[in-house]
There are 2 protein chains.
Amino acid sequence: MSEEFDLPDDRGHCHDFHLTVPEGDDRERRVCRACGFVDYVNPKIIVGAVVSHEGRILLVRRAIPPRTGFWTIPAGYMEEGESVAEGAAREVHEEAGAHIAIDALLAVYSIPRISQVQMIHRAILTRPDFAPGIESLEARLFAYDEIPWADLAFPSVHWALRDWLRVQGRADFAPFGNPPGDDGRRLPSF
Amino acid sequence: MSEEFDLPDDRGHCHDFHLTVPEGDDRERRVCRACGFVDYVNPKIIVGAVVSHEGRILLVRRAIPPRTGFWTIPAGYMEEGESVAEGAAREVHEEAGAHIAIDALLAVYSIPRISQVQMIHRAILTRPDFAPGIESLEARLFAYDEIPWADLAFPSVHWALRDWLRVQGRADFAPFGNPPGDDGRRLPSF
């Protein structure tokens with residue numbers, strides 16, 4: 001996850017962009033003066049999971065910016081050609097070397113400031129082994145009361161872990177959204 | 001919604017793209033030989049709603065390709081700077097001139113073939129007036145047994161309308177996903 005990054009302003013130098021409203025559109029887009037290319041920018045989907053194993057929760061410690069060294073649930077950008085759940089399982093495998101079974105969509109968080117929609121699932125390990133991937137310094141199971149709250153990487157990691165607890169043992173529930181009024185701009189204080 | 005369209009292969013002529021694996025990445029991307037720009041392509045989010053008013057359902061008839069002349073629920077591409085629910089309300093207003101209150105996330109459909117994730121909400125009209133927008137030929141309320149099933153634009157419109165019926169009167173439910181084994185490639189036959 002990279003909530004601390006804004007979208008890059010520079011998307012390559014070859015196009016000669018200016019801001020204009022394309023025909024049939026209703027808002028300004030970056031349009032290339034030379035070739036007419038319209039740089040439509042849509043929100044990006046982050047897929048991830050709160051993964052538990054015998055009641056403990058799998059977290060990874062980030063090896064890359066932003067928030068290097070802080071703990072997060074495994075999550076990352078959804079790729080083309082996969083479903084939301086497939087993407088979440090792929091990210092968990094990439095970042096924590098773990099194999100999971102997803103049983104619910106836990107939450108859909110919108111972070112408009114950085115144009116992210118985060119689709120966080122609830123899952124369990126299907127095999128007890130795991131290991132940090134290339135983007136992780138560590139992967140570890142934490143009992144809920146051992147979670148390093150002050151060292152979590154992003155606000156939405158807090159949200160997901162708290163929401164996970166609220167539906168423990170429940171099978172059919174509506175996914176959580178952002179905490180009311182919270183757009184993910186700040187970490188909770190301690 | 002534009003499920004019938006594949007993503008355009010031509011995203012502007014200024015870049016001189018070749019396929020290569022960028023440093024630190026694990027899959028081929030389009031990278032510009034001249035300026036180094038990486039054309040990351042992520043799935044697009046479609047936001048929309050099954051909107052009802054006194055038991056009848058709001059559909060719009062498409063004025064634009066793909067599937068011009070066919071009926072759909074109001075839906076379209078999520079924009080930057082909005083939440084998922086805000087985007088759905090905006091699309092309903094743009095396509096059907098309607099004001100809505102959303103009460104649930106009805107479904108999350110993944111259509112990997114065209115890299116779409118569709119987030120379809122359940123909503124009601126908050127005012128009885130509505131009118132087709134510029135992308136719609138008509139906007140109309142249909143009793144459920146009057147829905148023009150054979151003239152619906154996309155497979156996922158079928159899914160959403162059927163899923164809507166399955167949770168009528170229910171408040172707290174997990175959003176539906178694709179029908180098992182269905183990747184949205186074909187319309188149901190009649």
Index of the failed condition, B:D145 passing every other in (1) open to solvent by less than 30 Å² (accessible area, probe 1.4 Å); (2) modelled with pLDDT of 95 or more: (1)
Do we find a residue being modelled with pLDDT under 95, closer than 20 Å to B:M78 by Cβ and of a type outside the set (S, T, N, Q) anywhere in segment A:113-133? yes
Condition (residue is closer than 23 Å to A:E54 by Cα, aliphatic (A, V, I, L, M) and touching a His at 6+ places or on another chain (Cβ under 6 Å)) applied to segment A:159-176: is it met by at least one residue? no
When you check B:L7 against the structure, is it modelled with pLDDT of 95 or more and either of a type in the set (A, V, I, L, M) or open to solvent by less than 40 Å² (accessible area, probe 1.4 Å) (or both), yes or no? no
Here the residues within segment B:48-87 that are among the aromatic types (F, W, Y) and at the interface with chain A (Cβ under 8 Å from one of its Cβ atoms) are B:Y77
Being assigned to a helix (DSSP H, G or I) and under 20 Å from B:G87 (Cα atoms) is the filter here; which residues of segment B:137-158 pass it? B:S156, B:V157
Log entry, pairs with first residue in segment B:14-37 being within 11 Å of chain A (Cβ to nearest Cβ), second being among the hydroxyl-bearing types (S, T, Y), beta carbons closer than 6 Å, six or more apart or on different chains, reads B:V31/B:T20
Which count do you get for residues in segment B:88-112 that are facing chain A (nearest Cβ under 9 Å), farther than 22 Å from A:E79 by Cα and touching a Leu at 6+ places or on another chain (Cβ under 9 Å)? 1
How many residues does segment B:84-112 hold that are at pLDDT 95 or above and over 27 Å from A:E23 (Cα atoms)? 10
Strands (runs of 3 or more DSSP E) completely within segment A:25-136 that count 3 or more residues being open to solvent by less than 50 Å² (accessible area, probe 1.4 Å): A:29-32, A:44-53, A:56-62, A:100-111, A:116-125
For segment A:60-77, give me each residue that is polar (S, T, N, Q) and under 13 Å from the mean Cα position of the chain (by Cα). A:T72
Flagged pairs (Cβ under 9 angstrom, 6 or more apart or on separate chains; first in segment B:132-155, closer than 18 Å to B:S52 by Cβ and among the aromatic types (F, W, Y); second part of a helix (DSSP H, G or I) and open to solvent by 20 Å² or more (accessible area, probe 1.4 Å)) are B:Y144/B:L165
How about segment A:159-190: which of its residues are open to solvent by less than 90 Å² (accessible area, probe 1.4 Å), of a type outside the set (G, A, S) and in a helix (DSSP H, G or I)? A:W159, A:L161, A:D163, A:W164, A:L165
Scanning segment B:38-47 for residues that are of a type outside the set (S, T, N, Q) and within 7 Å of chain A (Cβ to nearest Cβ), the one nearest to B:P175 (Cα to Cα) turns out to be B:I45
I'd like the residue in segment A:148-158 that is closer than 18 Å to A:I120 by Cβ and away from every other protein chain (no Cβ under 14 Å) and, out of all such residues, is most open to solvent (accessible area, probe 1.4 Å). A:W149
Would it be correct to say that B:L141 is touching a helix residue (DSSP H, G or I) at 6+ places or on another chain (Cβ under 9 Å) and more than 30 Å from A:Q116 (Cβ to Cβ)? no
Tally of residues being of a type outside the set (D, E) and closer than 19 Å to B:N178 by Cα across segment A:101-116: 7
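The values are calculated or read from the model by the stated rules, or taken from the named source; none is laboratory data. Because the structure is a prediction, the values reported are computed rather than measured. Because the Cβ atoms are built from the backbone with ideal geometry, glycine has one as well, and the counts that use them run over all protein chains shown. Surface areas here come from the heavy atoms of the whole protein model, side chains and all, with no ligands, DNA or RNA. Shrake-Rupley method; radii C 1.70, N 1.55, O 1.52, S 1.80 Å.
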